[in-house]
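Please read the structure below before turning to the comments.
The values are calculated or read from the model by the stated rules, or taken from the named source; none is laboratory data. What you see is a predicted model, and the numbers here were worked out from it, not measured in a lab. No Cβ is skipped: glycine too gets one built from the backbone with ideal geometry, and neighbour counts run over all protein chains shown.
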2 protein chains.
Amino acid sequence: MVATLRDVARAAGVSPATASRALSAPELVAPARRALVEKAAQDLGYRPNLAARGLTTGRTGNLCLVVPDLGNPFFAGVAKGVQRRARELGHAVFVADSDEDARLEADLVERLSAQADGTLVCSPRMSDERLAELTADRHVVLVNRRLPGRPSVVVDNTDGMRQAVRHLHALGHRRIGYAGGPEGSWSDARRRDGLKVAAHGLHRLEVVDLGHFAPTVVGGTAAGDLVAAASITAVIAHNDLVALGITERLRVRGRSVPADVSVIGYDDTVGTLGHPALTTVAIRLARLGSVAVDLLLDGRASTGRAAATGADEDDISLPVELVVRGTTGPAPTPPTDGVSR
Amino acid sequence: MVATLRDVARAAGVSPATASRALSAPELVAPARRALVEKAAQDLGYRPNLAARGLTTGRTGNLCLVVPDLGNPFFAGVAKGVQRRARELGHAVFVADSDEDARLEADLVERLSAQADGTLVCSPRMSDERLAELTADRHVVLVNRRLPGRPSVVVDNTDGMRQAVRHLHALGHRRIGYAGGPEGSWSDARRRDGLKVAAHGLHRLEVVDLGHFAPTVVGGTAAGDLVAAASITAVIAHNDLVALGITERLRVRGRSVPADVSVIGYDDTVGTLGHPALTTVAIRLARLGSVAVDLLLDGRASTGRAAATGADEDDISLPVELVVRGTTGPAPTPPTDGVSR
DNA sequence: CGGTACCTGGCAACCGCTTGCCTTGGCTAG
DNA sequence: CTAGCCAAGGCAAGCGGTTGCCAGGTACCG
């Protein structure tokens with residue numbers, strides 16, 4: 001049988017109350033007794049029962065993280081960051097994978113958040129309304145998504161696209177494609193907008209919207225054919241997996257990357273895997289997770305607070321960085337006519 | 001404030017005891033009252049406090065999964081399977097990532113297992129002794145590792161290697177390399193053994209042991225150079241990431257895959273990513289996870305039971321399947337002399 | 001030297017739920 | 001008609017901690 005606080009108290013010759021205080025509020029107990037209790041606890045291998053403690057204190061010491069797909073390196077990276085930071089702060093993490101099912105996601109949040117001090121939600125596709133309702137009276141931080149009145153941590157998609165566009169522009173590209181993520185994805189909408197702003201406003205590039213694709217290599221394969229058919233010299237993909245699929249498909253179709261078409265990914269989840277290695281907008285995924293944990297536990301992210309004050313200091317945006325590798329190069333010189341420049 | 005059982009009882013006009021029974025042991029309560037309680041619970045949006053319930057029942061409804069690296073698709077896959085099965089069975093899952101640190105791993109098991117009904121441990125590198133000690137009086141199932149007296153779920157590494165070897169043999173390869181995983185990895189030792197048994201015993205192939213490598217693409221890059229230097233026509237890697245690294249490095253070094261060298265991976269974690277697509281020994285990762293959950297919750301996997309009976313029905317081995325894709329082909333005909341056959 | 005303030009530590013209630021035991025009352029059987 | 005039985009539901013005791021409140025002791029002050 002595992003040692004309880006009463007056992008420790010008995011062994012130390014004090015009351016349970018004193019034992020409790022000695023361990024969790026040491027300054028309230030005289031050093032001599034405190035030492036006695038500590039020794040007893042040590043000897044008995046005492047570990048407080050977190051469930052019992054949670055019952056009285058109202059805090060469980062647990063967090064909960066809901067993601068659509070742990071197999072997606074994006075979310076795996078976030079989960080790692082969450083996990084690590086939570087551990088440093090003495091919290092355990094419930095992780096729930098919804099298999100991309102928004103209904104299940106909501107269900108998981110409802111079930112698990114009750115057992116945790118706070119919940120981190122990655123839910124790219126849930127409707128704003130449902131998400132707002134779901135997070136109304138819960139202690140929640142949104143990850144990679146923004147919603148008025150809810151604390152959140154996102155990445156600077158606008159700047160990411162700006163960097164990507166500037167890079168392509170410098171390489172001489174003038175017509176570029178965008179292979180988007182799933183319909184309804186919040187971050188995809190932000191990326192698409194960011195791209196258009198940067199392309200039109202900044203550099204007067206033309207953008208061809210190729211449509212929506214599954215955020216996977218297979219999705220990218222489909223996109224690849226559209227890229228091949230469009231008269232563009234570069235394409236930016238919703239994420240790295242799509243970019244990988246596009247690159248591969250173009251190769252199969254006899255187009256060279258980057259000689260014929262440049263490809264840029266997003267997230268930097270695949271590193272140098274693939275050939276040529278992917279140029280991509282890098283996100284520090286683990287940091288995304290750890291910052292979210294901090295925000296969640298800071299107490300600043302209390303229910304409805306941001307809504308009440310109108311302040312948005314609870315909305316954090318993380319910087320991104322373009323990493324140039326092998327899939328981008330100078331735009332091909334058009335073979336159409338003899339007019340140079 | 002959230003509704004408690006007393007609230008429900010009051011609303012239904014019964015005692016808390018009756019309310020409790022109506023909800024968790026309906027057959028003990030007369031239908032009329034039961035309906036009353038159910039309605040009240042419904043109206044109040046009652047959700048039992050799992051921590052409190054756990055305090056009395058001793059069961060928390062939580063599981064715990066400890067893995068060395070969530071970013072590794074192998075463990076992400078297992079985690080998905082665990083998560084899904086646990087959810088079906090009404091359990092929540094604590095996931096802990098140890099960042100490949102065996103000491104931290106042990107610590108996590110100790111801390112988290114107390115809050116859970118059972119623990120799933122993926123710990124490829126911990127020493128047998130430490131692992132045995134750690135799992136001595138805990139309800140634990142080992143995943144992808146076997147230890148006498150402890151329930152476990154593994155994959156049939158021997159058969160996997162047998163299939164790989166048979167494939168290579170049929171293609172005419174006679175000298176093959178093995179690019180191993182990290183020193184001390186349990187599954188790597190099994191795979192290495194399996195390979196040797198299959199190669200020597202079955203087909204009289206020669207095996208060149210290339211050594212130990214980090215189970216990552218980068219590890220594979222290093223291995224690639226050794227492959228290039230060894231006079232072998234095929235190589236089997238510890239896992240897919242290593243295989244990917246090898247393939248890429250060989251390409252850089254001017255060797256063609258599979259024309260010059262055939263490459264086989266293990267785990268099937270990268271799918272058709274990479275070019276050519278990787279031939280690999282496929283594992284059903286999610287199934288590995290879900291079977292482990294079943295074993296854990298079956299009650300069969302009780303502490304020390306297998307040790308007592310000597311039975312090994314608590315040690316499950318899952319089948320694997322060679323998936324032939326593009327990185328394996330006929331052995332090159334030696335250009336050394338003119339003697340054909 | 002008496003009074004007071006302060007520091008320590010114990011008592012006991014309580015967090016929300018489960019469950020052993022007992023009471024009550026309606027039936028059946030002898 | 002009464003004894004016996006069973007079903008239904010309430011009482012209360014926890015599960016393992018925490019914490020408000022109070023008592024006793026000590027030190028310090030006047």
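Brief remarks follow.
- Residue among B:L108, B:L89, B:L120 that alone is assigned by TED's automatic domain parsing to the domain that holds B:D294, farther than 21 Å from A:L50 by Cβ and touching a residue at least 24 places away in the same chain (Cβ under 8 Å): B:L89
- Sub-6 Å Cβ pairs linking a first residue in the range B:230-250 that is closer than 13 Å to B:H173 by Cβ to a second residue that is in a helix (DSSP H, G or I), at least 6 apart or interchain, are B:A234/B:L168; B:V235/B:V227; B:I236/B:A164, ordered by first then second residue.
- Residue list for the range A:43-57, filter: within 10 Å of another protein chain (Cβ to nearest Cβ) and part of a helix (DSSP H, G or I): A:L50, A:A51, A:A52, A:R53, A:G54, A:L55
- Which numbered condition A:E100 fails, given (1) under 21 Å from A:V291 (Cβ atoms); (2) more than 16 Å from DNA strand D (Cβ to nearest atom): (1)
- Hey, B:L318 more than 14 Å from chain A (Cβ to nearest Cβ) and at pLDDT 95 or above or not: yes
- Residue in the range B:186-198 that is among the polar types (S, T, N, Q) and farther than 14 Å from B:Y266 by Cα present: no
- Put simply, of B:L65, B:L108, B:L112 the only residue that is within 40 Å of the chain's Cα centre (by Cα), more than 10 Å from DNA strand D (Cβ to nearest atom), outside any helix (DSSP H, G or I) and within 28 Å of A:D97 (Cα to Cα) is B:L65.
- Only residues that are within 17 Å of B:T56 (Cα to Cα) and either near DNA strand D (Cβ under 6 Å from one of its atoms) or in a helix (DSSP H, G or I) (or both) were counted in the range B:15-32, giving 8.
- Test: A:A86 is in a strand (DSSP E or B) and touching a strand residue (DSSP E or B) at 6+ places or on another chain (Cβ under 6 Å): no
- Applying the condition of being of a type in the set (G, A, S) and within 7 Å of chain A (Cβ to nearest Cβ) to the range B:81-116 and asking which residue is surrounded by the most Cβ atoms within 10 Å (Cβ to Cβ) yields B:A96.
- Among the residues making up the range B:195-217, those that are in a helix (DSSP H, G or I) and surrounded by fewer than 23 Cβ atoms within 10 Å (Cβ to Cβ) are B:K196, B:V197, B:H200, B:G201, B:L202, B:H203.
- Restricting attention to the range A:9-24 and to residues that are more than 10 Å from DNA strand C (Cβ to nearest atom) and under 43 Å from the mean Cα position of the chain (by Cα), the residue that is surrounded by the fewest Cβ atoms within 10 Å (Cβ to Cβ) turns out to be A:S24.
- Meets criteria (assigned to a loop (DSSP other than H, G, I, E, B) and either within 14 Å of chain B (Cβ to nearest Cβ) or under 20 Å from the mean Cα position of the chain (by Cα) (or both)) for A:A132: no
- In the range A:221-246, the residues that are assigned to a helix (DSSP H, G or I), within 14 Å of chain B (Cβ to nearest Cβ) and within 22 Å of A:R162 (Cα to Cα): A:D240, A:L241, A:V242, A:A243, A:L244, A:I246
Here's the yes/no breakdown for (1) of a type in the set (A, V, I, L, M); (2) at pLDDT 95 or above:
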| residue | (1), (2) |
| --- | --- |
| B:A32 | yes, no |
| B:T57 | no, no |
| B:C64 | no, yes |
| B:G71 | no, no |
| B:F74 | no, yes |
| B:A92 | yes, yes |
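- Subset of the range A:86-105 (residues that are within 14 Å of the chain's Cα centre (by Cα) and not aliphatic (A, V, I, L, M)): A:D97
- Of all residues in the range B:25-56 being under 24 Å from A:R53 (Cβ atoms) and exposed (fewer than 15 other Cβ atoms within 10 Å of the Cβ), the one that is farthest from DNA strand C (Cβ to nearest atom): B:R47
- Residues being more than 17 Å from A:N144 (Cβ to Cβ), more than 9 Å from every other protein chain (Cβ to nearest Cβ) and charged (D, E, K, R) - total across the range A:247-283: 4
- Tallying residues that are more than 10 Å from chain A (Cβ to nearest Cβ) and either surrounded by fewer than 16 Cβ atoms within 10 Å (Cβ to Cβ) or of a type in the set (D, E, K, R) (or both) within the range B:59-80 yields 1.
- Among residues of the range A:260-272, those that are surrounded by fewer than 23 Cβ atoms within 10 Å (Cβ to Cβ) and either closer than 18 Å to A:F75 by Cα or charged (D, E, K, R) (or both), counted: 3
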